[in-house]
1. Calculate one ³J(HN,Hα) per residue across region 41-51 by plugging θ = phi - 60° into the Karplus curve 6.51 cos²θ - 1.76 cosθ + 1.60, and present them in order as whole Hz with x for glycine and proline.
2. How big is the antiparallel share of DSSP beta bridges in region 66-181, given as a percent to the nearest 5?
3. THR60 to GLU250: extension gain in nm, 0.36 nm per residue of separation minus the Cα-Cα distance?
4. Please report the spacing between the Cα centers of region 1-71 and region 178-215 in Å, no decimals.
5. Determine the distance separating the Cα centre of region 228-242 from the Cα centre of region 104-175; give it in Å without decimals.
6. In square angstrom, what is the accessible area per residue of the chain with a 1.4 angstrom probe?
7. Under a crude label model (7 Å from the Cα following the beta-carbon direction), how far is LEU150 from LEU261 in nanometres?
8. So, with a 1.4 angstrom probe, what is the percent of accessible area on the chain that is carbon and sulfur?
Amino acid sequence: MQIKKVGVVGCGLMGSGIAQVCAEAGYEVLVREVAQDLLDKGLKRIGGFLQKGVEKGKLTAERKAEVLGRLKGTTKVEDLGGCDLVIEVVTENLAVKRELFQALDGVCGQDTIYASNTSSLSVTEMAATTARPTRFVGLHFFNPVPLMKLVEVVRSPLTDPAVFEAAYAFGRSLGKVPVKATDKTGFIVNRLLVPYLLDAVRALENGVGSVPDIDEGMKLGCGYPMGPFTLLDFVGLDTTYFIANILFEEFRETRFAPPPLLKRMVLAGHLGKKSGRGFYTY
Ligand code: 3HC
């Protein structure tokens, strides 16, 4: 099962990061966005990171040109027909994802592997409605993709073991460390990370400490690169709230229930770094 050409559907923060690491690893990459301006924005982001690398002497101008030469963009799903692997990185909405995979079924060859970068939706539920449920895996990358070493490789009960191994080897070929997970909501990382982030909000609600003190406590006391509130602002409060609700729906355990403060902040539009205000102001 040789993967040479990779399709990445979605060129936002995660999609552009995934496209970047695939092109850096030597794959031919075709990125699809719904509109030309979104595509241009995502490709510009990648070019900007590579240019910074050149300016800092981390990579040569030739290497940058070589990586960008492997990266093409399109707004048409039909163009993804020649891809050996298509990684879906669109909005976390099951209906939108299903619609995309149905469109891909009409254009991709029978051997194409489908992967979803979903953080919390069911891989099984997505796979089951495609024409190739056995050739479907989760490939869950972490933000910022070029810097984070992990990729969770997720199998559903329908995944062909050979496809799973190919996806695992693909993750490794990107220079990432793949871990194997089964399709249980949140997989490994979000199942453990999200309750921790929610607990930090509960600790704040309970007056245990201030935002900076809780952050410093976890950063310096546990050696985490970011405190929980910095990380919440980085991931997005809306994204965390969304994932928490899905985990709670699935397991009905209070540790997954989003605390009222988180909900109020999301309702107020204080979504973290992306909105200029979250637990900190940017
Ligand atoms: N491509 C290439 N280079 C990049 C880049 C990119 N996309 N983004 C940043 N860089 C470069 C920077 O320019 C910088 O270069 P320099 O060292 O030459 O200045 C270098 O990479 C390091 O960047 P930073 O200085 O910002 O790196 P830090 O050492 O401060 O680390 C961090 C930043 C990696 C974000 C670190 O703080 C960290 O690990 N934080 C935790 C992040 C985390 O937990 N992410 C997971 C979130 S959960 C998730 O994603 C799952 C989802 O489902 C919710």
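1. The phi angles translate into 4, x, 5, 5, 4, 4, x, x, 5, 5, 4 Hz.
2. 30 percent
3. 63.6 nm
4. Spelled out, the Cα-based centre of one part sits 31 Å from the other.
5. 25 Å
6. For the chain, the per-residue accessible area is 47 Å².
7. Calculated label separation equals 2.4 nm.
8. 56 percent
The values are calculated or read from the model by the stated rules, or taken from the named source; none is laboratory data. Since the model is a prediction, treat every value here as computed from it, not as a measurement. Neighbour counts run over all protein chains shown; Cβ positions are idealised from the backbone, glycine included. These area figures cover heavy atoms from the full protein model, side chains too; ligands, DNA and RNA do not enter into them. Shrake-Rupley method; radii C 1.70, N 1.55, O 1.52, S 1.80 Å.
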